[in-house]
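Here it is, the structure in full.
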Amino acid sequence: MHLAKDSAVKLHPGHVETASGKRYPADIRGIGGREIHDVWDAAGGAEAYKGTLVTGFPNFFILYGPNAATGQHSVIFHSECQINFSCRLLRPVLRRRSPVDSIMPTPEAQRRDLQWVHGKVQGLVFNSGCQSWWMDPVTKKNTFIYPDPMYKYWLRTIFPRWSDFRIRGSAGDQQQSSGMGKVLAAFVGLGAAFAIYSAAVDWKPVVQYAALISSRLNSE
């Protein structure tokens, strides 16, 4: 590892350029030196946990990653959801008293999330059989589209499910408690339901998702 003393100013394919004009190789490699494109090729297309993290690649966060895009919602709002989700994951890890080196989703958690995504997308027009830019040209796997409304993505990312993550430090794997998230989940669900109800929109899906979040947090 080389510690550069000047700031990064540009990102190029395969390297980072700093203010001094020097270029440093910056391949994305995970545990065991695996290159992310090799991992995605073996999987038949790009994959990520909630479009943001990849199992086997600690401390690697993506904005607008696999199955994170939509054609009918704000990219800004979605990116804000991902940034807030990433900060919620990193904040308690960085504030822990015991040293923590890395965080990443477990293989089981990513697999479960992807099963939900691809099961949901099967019933949409995006998977009707026509080849397009959201499909892998070889495997025909949808690696681009998020299959639900954005308010549901917000609900899925507002409280991390800590059992989905492997937090590793000098003392080995560690656990992070969901803390006040169990209490706040109910308030968020009620607030979202009230706001949508006031706008004369069907709020039943919001209540269902709030109940789902609360049950998942309580099961940890």
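Laboratory data are not the source of any read-out in this text; all were calculated from the coordinates shown. Values in this document were obtained by computation on a predicted structure and should not be read as measured data. Reconstructed Cβ throughout: ideal geometry from the backbone, glycine too, with neighbour counts over all protein chains shown.
Could you pull out every one of the aspartates and glutamates with an alpha carbon less than 16 Å from that of Lys152, ignoring same-chain neighbours closer than 8 positions?
Cross-link targets: Glu80, Asp113, Asp202.
Among all the aspartates and glutamates, which ones have a C-alpha under 14 Å from Lys120's C-alpha, if same-chain residues fewer than 8 places away are not counted?
The reachable aspartates and glutamates, counting only those whose Cα sits under 14 Å from Lys120, are Asp148.
Given charges of +1 on the Cβ of Lys and Arg and -1 on the Cβ of Asp and Glu, with all other atoms neutral, how large is the dipole of region 35-176 about its Cα centre, in debye to the nearest 20? Show your work: numbers first, answer last.
Working: 16 positive and 12 negative charges, 124 e Å.
Charge dipole of region 35-176: 600 debye, to the nearest 20.
Something else: Kindly put Ile103, Ile36 in sequence by how many other C-beta atoms sit within 10 Å of each C-beta, fewest to most.
Ile36, Ile103
Another one. Calculated FRET efficiency, Ser102 and Leu124, Cβ-Cβ r, R0 45 Å, to nearest 0.05? Walk me through the numbers before you get to the answer.
Working: r = 35 Å, r/R0 = 0.78.
Calculated transfer efficiency: 0.80.
Once the Cα atoms of region 35-176 are picked out, what are the Rg and Dmax in Å?
Gyration radius and largest Cα-Cα distance of region 35-176: 15.7, 52 Å.
Further question on the same structure: Sticking with the crude label model, points 7 Å out along Cα→Cβ, report the distance from Trp133 to Arg168 in nm, one decimal please.
Using points 7 Å along Cα→Cβ, the separation is 3.7 nm.
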